[in-house]
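All remarks here apply to the structure that follows.
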Amino acid sequence: MIIILLGPPGAGKGTQAGAIAEKFNIPHISTGDIFRANLKEGTPLGLEAKKYMDAGALVPDDLVVRLVADRLTAPDARPGALLDGFPRTEAQAGALSEYLRSSGRQVDHCVCLNVPDEALVARLSGRRMCRSCGASYHVVYSPPPAEGRCRCGGDIYQRDDDLESTIVNRLKVYHEQTSPLVAWYGQAGLLRPIDGQGTVDEIKNRIYAALGQG
Ligand code: AP5
């Protein structure tokens, strides 16, 4: 089972991903998380990706495609994977189809979370993350249990790309380069559009229903 989680920055992909991956017993593969983990370790990949992420731009296709293809060869990804934040361009989508075809697999569903831009800006500008376990909070919608401290005890921080000026560019990049994938997967009969507004549980149940697990 290969499931793509598509949607603009802040649509709730990371928030929903853990439950979906667990339900289908497949690994959650987030390209953004992989870049951030590399940056934390100070690897050349992380430092290269940071230049694009801080500007709200996309990391070059060839780099991302190699990274995902490599990750999909790991034993835990043999039964499938939940791809969060990949593909993000038509070139990445084409490369993914080609790669999966070569290993006798295919994309099964593309879940697209739809949220209006005004709500996305509010979600992203208020998002806070745990430096230790990666948990995501929001200063208003889901504040951490104690000021500046995660439930795991880790420090809470704001992502560099969650500054308002960068958010505007990330949304522009999404509309220009990623939103064409909605039609791409729609034409392939794989698109599962989901209303991404409501409580986290409501949205999770809509996703399960769209995937035949309601
Ligand atoms: P990435 O990490 O993938 O970021 P993104 O797609 O911009 O998505 P986000 O993580 O910002 O949002 P999300 O949809 O996961 O929302 P979340 O659940 O956190 O990518 C970062 C960068 O890496 C890119 O800009 C690019 O540079 C690079 N990159 C990554 N993949 C790439 C690729 N394939 N190609 C090229 N470059 C790539 O929720 C957001 C907030 O809203 C949280 O505070 C949350 O608590 C809150 N929230 C969630 N659900 C709800 C709800 N129902 N109601 C109210 N609040 C909610």
Determine whether residue 29 is crowded, with 21+ Cβ neighbours inside 10 Å and more than 7 Å from the ligand (Cβ to nearest atom).
-> yes
Are any of the residues in the range 23-37 in contact with a strand residue (DSSP E or B) (Cβ under 7 Å, 6 or more places away or on another chain) and without any contact (Cβ under 8 Å) to a residue 40 or more places away in the chain?
-> no
Scan the range 137-171 residue by residue and report those that are surrounded by 14 or more Cβ atoms within 10 Å (Cβ to Cβ) and of a type in the set (Ser, Thr, Tyr).
-> 137, 142, 166
Can you name every residue in the range 107-156 that is closer than 30 Å to residue 1 by Cα and of a type in the set (Val, Ile, Thr)?
-> 107, 111, 115
Scanning the range 14-72 for residues that are under 27 Å from residue 121 (Cβ atoms) and part of a loop (DSSP other than H, G, I, E, B) gives 54, 55, 56, 57, 58, 59, 60
Taking the range 75-88 and keeping residues touching a residue at least 24 places away in the same chain (Cβ under 8 Å) and more than 7 Å from the ligand (Cβ to nearest atom) leaves 76, 77, 79, 80, 81, 82, 83
How many residues does the range 77-94 hold that are more than 20 Å from residue 175 (Cα to Cα) and open to solvent by 30 Å² or more (accessible area, probe 1.4 Å)?
-> 2
Filtering the range 1-18 down to residues that are open to solvent by 20 Å² or more (accessible area, probe 1.4 Å) and more than 18 Å from residue 130 (Cβ to Cβ) yields 1
Within the range 40-53, identify whether any single residue is open to solvent by less than 10 Å² (accessible area, probe 1.4 Å), more than 7 Å from the ligand (Cβ to nearest atom) and either under 16 Å from the mean Cα position of the chain (by Cα) or within 27 Å of residue 199 (Cβ to Cβ) (or both), and answer yes or no.
-> no
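The values are calculated or read from the model by the stated rules, or taken from the named source; none is laboratory data. This structure is a prediction, so every number in the text was calculated from the model and none was measured. With ideal geometry, Cβ positions are generated from the backbone for all residues, glycine too; neighbour counts draw on all protein chains shown. Each accessible area value is taken on the protein alone, full model and side chains, heavy atoms only, with ligands, DNA and RNA left out. Shrake-Rupley method; radii C 1.70, N 1.55, O 1.52, S 1.80 Å.
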